[in-house]
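Have a look at the structure below, then the notes.
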Amino acid sequence: MLVKIKSVANVGLETTAIEVEVDVASQGFPGFNIVGLASKAVEEARERVKTAITNSGFDFPPKKITVNLAPADIPKDGAAYDLPIAVGILAASAQCSEKSTQGAIFFGELSLDGSLRHTKGVLLVGLYAKNNAIYVPIESANEAAVVDNVTVYPVRNLRELVDHFQDIKKIEPLKHIEIQELVIDANFEVDLVDVAGQEQAKRALTIAAAGGHNLLMFGPPGTGKTMLAKGMAGILPPLSSLEALEVTRIYSVAGLLDSGESLVRRRPYRHPHHGVSPAGMVGGGSNPLPGEVSLSHLGVLFLDEMAEFPRSVLESLRQPMEDGTVSIVRASAHVSYPASFTLLAAVNPCPCGYLGHPRRECKCTDKMIRKYRSRISGPILDRIDLHVHVPAVEIEKLDSSAVGQSSLNIRNQVILVRKIQEIRFKDEKIYTNSQMGNKHVKKYCELMPDAQRILKLAVEKFDLSARSYFRLIKVSRTIADLDNCDKILVNHMAEALQYRQQI
């Protein structure tokens, strides 16, 4: 008997329909074969499915069983085909109703006892299956419940699923979960009010958070660069419903959502170690998974001691920093992941870290300093909008009782500026000033004559590239937004220019 069960394949963030054809033949030698460009993990489903069916109290037919995953030219990977294969075998052997399985999508990994395990990529299944029913593991079902117009059946085990089909005990579908109710405020692990001094760096952080601009902090050790970076998480605005769904798609396909979780609730803040590989940074593998740049999408990627990262890793950032996406090409797949992140980096001025320190002597030679600084290439520095010096803090400021702005106050400013950008770009496919292309700059960035004049002088004097020219305008647009000013004035451009100092 031939039975066809619907499932899907997730390749990157794209979802493709897969038809699981199960044939239980009445003639031929007993056997169990899976065809259709299946990976090793899918081929191993034979043992998992057979044992799960038996341990669930059903009979595994001692006949010739052939499973075809169609279309056969799409690579199939992962254990998510366990459930549709098992349902197909049970239906083909008349142990459950074939009619009940029609029209629904099945997706999930089986344990040997017949229960379903947490399976990555369920949110993508929900997004694909709008206006349809899906049967997924109960531990992953909340991911799909945030999608409108999809009926999500949380399945605990095979026995429960068959009882549902046989009308013995129905599985209640999950109620729709409102995304905005799940999104929570930023994490105030470090309040910027606790960082002594460094007012210019705090101002640069505010601009970076408000406009999504890349920021490089350079200065000697112990001046608060890492603490400032941690404080960045506390001034980021909450995710909108659309942004939360966009970020969660990436974490779902990467398998980084905890069991029972339905959404990424805060803006990502990733802090990879400098031993990360290029594949770990931008993504990769035989079945390409997202890397740190994609896991930082719509959030922050913090590179502490940036010059210690391998040159190959830093150079791999160039394309995603410019385009906001990363493309991974393999022989069997070509996938793209979004990677519109804010790069936050910290670096010492020299190998020992004390070049220019008022109280400590630098012991590095000119050659050592040049070699150290050359680890960060010019094209990477050119893609960083803000460069700010974080100097050694004077003892008087450490003992001072003066209080600066709290993270909460800064965050409220950032939220207001993000709302301005939301209104500005409502007809565009961008969220922040930093994402503007050249056509957006011409459309939304009106420079007053004095601002235009000082920009032209700066370009000529410092021999700035065309990329730097447009990035200066974007930064000045954000500074003008912080002043709630429609036009870019000379003081806005002057402040943007002071953040172009190079290490």
Quiz item: Carbon-plus-sulfur fraction of the accessible area of the range 436-503, 1.4 Å probe, in percent?
Solution: 52
Self-check item: Label-point separation, ASP486 to VAL35 (7 Å along Cα→Cβ), nm
Solution: 6.9
Practice problem: Take the alpha carbon gyration tensor of the range 2-177, find the square roots of its eigenvalues, order them as a ≥ b ≥ c, and report rounded if a/c is under 1.5; if not, report prolate when a/b exceeds b/c, else oblate. | Solution: oblate
Practice problem: Give LYS4/LYS50; LYS4/LYS169; LYS50/LYS130; LYS419/LYS439; LYS371/LYS442; LYS439/LYS461 a once-over and call out the pairs whose C-alpha atoms are over 29 Å from each other. | Solution: LYS50/LYS130; LYS371/LYS442
Quiz item: How long is the gain from VAL276 to GLU19 if the chain were fully straight, where each residue apart is worth 0.36 nm and the alpha carbon distance is subtracted?
Solution: 88.7 nm
Quiz item: Which percent of the accessible area of the range 67-129 is formed by carbon and sulfur heavy atoms (probe 1.4 angstrom)?
Solution: 52
Practice problem: Pull out a ≥ b ≥ c, the square roots of the eigenvalues of the alpha-carbon gyration tensor of the range 176-236, then state rounded if a/c is under 1.5, prolate if not and a/b is larger than b/c, and oblate in the remaining case. | Solution: prolate
Quiz item: Given 0.36 nm per residue, what is the gain on full extension from ASN412 to LYS99 after removing their alpha carbon distance, in nm?
Solution: 107.2 nm
Practice problem: Grab the Cα-Cα distance for GLU44 and ALA72, subtract it from 0.36 nm times how many residues apart they are, and report the gain in nm with one decimal. | Solution: 8.3 nm
Quiz item: Simple spin-label model, 7 Å along Cα-to-Cβ: GLU322 to SER111 in nm?
Solution: 4.9
Quiz item: In the range 473-489, which residues have a backbone nitrogen under 18 Å from the label point lying 7 Å from SER240's Cα in the Cα-to-Cβ direction?
Solution: 478, 481-482
Quiz prompt | Solvent-accessible area per residue for the chain (1.4 angstrom probe, square angstrom) | solution = 45
Quiz item: Roughly how many nanometres apart are two label points built 7 Å out from the Cα toward the Cβ at LEU2 and ARG360?
Solution: 7.4
Quiz item: What FRET efficiency do you get for GLU189 and LEU457 if R0 is 41 Å and r is their Cβ-Cβ distance, rounded to the nearest 0.05?
Solution: 0.45
Quiz prompt | Value at 222 nm in deg cm²/dmol, rounded to 500, when DSSP H runs of n ≥ 4 in the chain each add -39,500 (n - 2.57) | solution = -10500 deg cm²/dmol
Practice problem: Just need log10 I(q)/I(0) for the chain at q = 0.08 Å⁻¹, Debye formula, equal scatterers on the alpha-carbon atoms, no solvent, rounded to two decimals. | Solution: -0.60
Practice problem: With a ≥ b ≥ c taken as the square roots of the eigenvalues of the C-alpha gyration tensor of the range 254-371, please select rounded if a/c is under 1.5 and otherwise prolate if a/b is larger than b/c or oblate if it is not? | Solution: prolate
Exercise. Please tell me the relative contact order of the chain in percent, rounded to the nearest whole number, where contacts are Cα pairs under 8 Å and at least six residues apart.
Key: 13
Exercise. Report, ordered by chain and residue number, the lysines lying within cross-link reach of LYS170, taken as a straight Cα distance under 21 Å and ignoring same-chain residues fewer than 8 apart.
Key: LYS6, LYS99
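In the chain, what % of DSSP beta bridges are antiparallel (nearest 5)?
Around 50 percent of the beta bridges assigned by DSSP in the chain are antiparallel ones.
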Exercise. Take the Cα gyration tensor of the range 436-503, multiply each eigenvalue by 5, square-root it, and list the three semi-axes largest first, rounded to whole angstrom.
Key: 18, 13, 11
Exercise. Determine the percent antiparallel among the DSSP beta bridges restricted to the range 2-177, to the nearest 5.
Key: 60
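The values are calculated or read from the model by the stated rules, or taken from the named source; none is laboratory data. Just so it is clear, the structure is predicted and the values come from calculations on it, not from any experiment. Cβ coordinates were reconstructed from backbone atoms using ideal geometry, including for glycine residues, and neighbour counts include every protein chain displayed. We work out accessible area using only protein heavy atoms, side chains counted, and drop any ligands, DNA or RNA first. Shrake-Rupley method; radii C 1.70, N 1.55, O 1.52, S 1.80 Å.
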